[in-house]
Amino acid sequence: MTTAAAQRLDGRSAVITGGGRGIGVAVAEALVAEGAKVVVSARSVDEIESVAERLRAAGGEAFAVPCDVSDPEQVRALAAAAIERLGVVDILVNNAGIARSAPLKSLTLEEWNLIMAINATGTFLCTQAFLGPMVERRWGRVINVASIAGKIGAAYISAYSASKHAVIGFTRSVAAEVATSGVTVNAICPGYVDTPMTEGSVANIVEKTGHDVELVMKNLRAMSPQRRLMEPEEVAYLVLSLCDERAKGVTGQSLVLDGGGVQS
Ligand code: NDP
C-alpha cells in the first residue's frame with residue numbers, strides 16, 4: 001500500500017547504472033517504491049530488461065537502457081535515451097563497477113586500465129552527461145557508489161582501491177563546484193555487501209587459497225565489527241536518504257556503511 005508520506009520521490013526520475021543485479025537492483029526497487037520513475041542500465045540487456053519488467057509488474061515506471069559506462073558514446077546515448085523516456089533526470093546513481101584482485105607484481109596494465117575505466121572514468125562520464133540539466137533546474141542528486149576501499153587500502157586490491165579513491169576525490173570536487181546549485185554530490189562507501197560481486201570475490205579467494213567457502217565467508221564477515229555482510233537494501237536506504245529534501249545540506253561526503261569498521 002502506498003501513502004502520501006511514503007511517496008517521497010513522486011515526480012522524480014532517476015538513472016541507476018549497474019542496475020542489472022546486486023546493489024543497483026535494490027536501489028532501483030527503493031526509488032520506485034518511493035514513487036520515482038527509473039532507468040536501469042548495465043551491459044547485460046537480459047538482466048536490465050528483467051529488472052525493469054519486475055519493477056513495472058509491481059506498479060512502477062521503469063525502463064531498461066543498455067550502456068557500458070566506460071564508453072563515452074554509449075554514455076551520451078544513455079543520457080539521450082533517459083531524457084526521452086523520463087523527461088528529466090533528477091537523480092543519478094553511479095553504481096556500475098567491477099572488482100578484481102591481484103598482487104601488484106601480477107597486475108597487468110590491461111586490468112588496471114579496465115578497472116579505472118569502469119569505476120572511475122565511468123563515474124566521471126555519467127556525471128558529466130547528467131549534471132548540466134540538474135544544475136539548470138536547480139535540483140539534483142548524484143550518488144556515487146564507492147567502497148571502503150576508497151577510504152583505506154588493503155592487500156591485493158591496489159587497482160580497485162585506487163579507482164574508488166578516485167571516485168571519492170571526484171565526488172568532493174564536483175560537490176564543491178556545484179555547491180550553490182541545489183545539486184548535491186555524495187559517495188556511499190560500503191564494506192562487503194551480499195551481492196553477485198562478493199560471490200565472485202569469494203570464489204576467487206577459494207580458488208587462490210584452497211580454503212573452503214565457509215572459512216572465506218567467515219573471514220569476510222569478520223572484517224566488519226558487526227560480523228556480517230551488509231545487505232543491498234541498506235545501501236539503497238542510504239541512497240534514498242540522500243535523495244530526501246532534508247538531505248540538501250549533505251554534499252561532498254563519503255558515507256561509510258560497514259558495521260563500524262572504517263570510522264572516517
Ligand atoms: P555486481 O557485480 O553484483 O553488479 C554490478 C553491476 O554493474 C551489474 O549490473 C553490472 O552489469 C554493472 N556493470 C559492470 N560493469 C559495467 C560497465 N562497464 N558499464 C555498465 N554497467 C556495468 O556488483 P555490486 O552490486 O556488488 O556492486 C555495485 C557497486 O558497489 C560497484 O561499484 C561496487 O564496486 C560497489 N561496491 C560493492 C561492494 C560489495 O561488497 N559487493 C562493496 C563496496 C562497493 P554488466 O556486467 O551487465 O554490465
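For the chain, a Gaussian network of Cα nodes joined below 10 Å ranks GLU233, GLU61, GLU177 by mean-square fluctuation, and the top entry is GLU177.
Residues LYS208, LYS164, sorted by accessible area with the largest first, give LYS208, LYS164 [1.4 Å probe; ligands and nucleic acids excluded].
Annotation: amide H of VAL39 within the under-5 Å range of ALA14, VAL15, ILE16, PHE63, sequence separation 5 or more or interchain, hydrogens built in the peptide plane.
Modelled label positions at ILE83 and GLU207, each set 7 Å beyond Cα in the direction of Cβ, lie 4.2 nm from each other.
Computed from backbone phi, the HN-Hα couplings of the range 135-146 come to 4, 4, 7, 6, 7, x, 9, 10, 10, 9, 7, 8 Hz, rounded to whole numbers (Karplus: 6.51 cos²θ - 1.76 cosθ + 1.60, θ = phi - 60°; Gly and Pro given as x).
State the answer as a single residue: which of SER41, GLN7, SER224 lies farthest towards the positive end of the charge dipole of the chain, with beta carbon charges of +1 for Lys and Arg and -1 for Asp and Glu, about the Cα centre. With unit charges placed on the Cβ atoms, the residue in question is SER224.
Using the Cα centre of the chain as the reference point, and only Cβ charges (+1 on K/R, -1 on D/E), how large is the resulting charge dipole? Debye, rounded to the nearest 20. Write out the running numbers ahead of the final one.
Values: 24 positive and 28 negative charges, 142 e Å.
Dipole of the chain, to the nearest 20 debye: 680 debye.
Using a probe radius of 1.4 angstrom, the carbon and sulfur fraction of the accessible surface of the chain is 55%. Mean-square fluctuations from a GNM of the chain, with a 10 angstrom spring cutoff on Cα atoms, peak among ARG228, ARG172, ARG246 at ARG246. In the chain, helical runs assigned H by DSSP with n ≥ 4 each contribute -39500 (n - 2.57); averaged across all residues and rounded to the nearest 500, the mean residue ellipticity at 222 nm is -14000 deg cm²/dmol. With angles folded into 0 to 90 degrees, how steeply does helix 196-209 sit against the dominant principal axis of the chain? Use alpha carbons for both and round to 10. Tilt of helix 196-209: around 10 degrees.
If one computes P(r) from the Cα atoms of the range 72-218, what percent of pairs lie at distances over 22 Å? It would help to have the intermediate numbers written out before the result.
Numbers: 4935 of 10731 pairs.
For the range 72-218, the share of Cα pairs beyond 22 Å comes to 46 percent.
With every protein chain present, what is the per residue accessible area of the chain (1.4 Å probe, Å²)? Can you show the working numbers first?
Working: 12460 Å² over 264 residues.
That works out to 47 Å² for each residue.
Legend: calculated FRET efficiency, LEU114 to SER241, from the Cβ-Cβ distance at R0 = 45 Å, rounded to 0.05, equals 0.90.
Based on the alpha carbons, how large is the Rg to Rh ratio for the chain when Rh follows Kirkwood?
On the way: Rg = 17.8 Å, Rh = 18.6 Å.
On the Cα set of the chain, Rg over Rh gives 0.96.
The values are calculated or read from the model by the stated rules, or taken from the named source; none is laboratory data. Because the structure is a prediction, the values reported are computed rather than measured. Note that we place each Cβ from the backbone using ideal geometry, even for glycine, and neighbour counts take in every protein chain shown. With ligands, DNA and RNA removed, areas are computed over all heavy atoms of the protein, side chains included. Shrake-Rupley method; radii C 1.70, N 1.55, O 1.52, S 1.80 Å.
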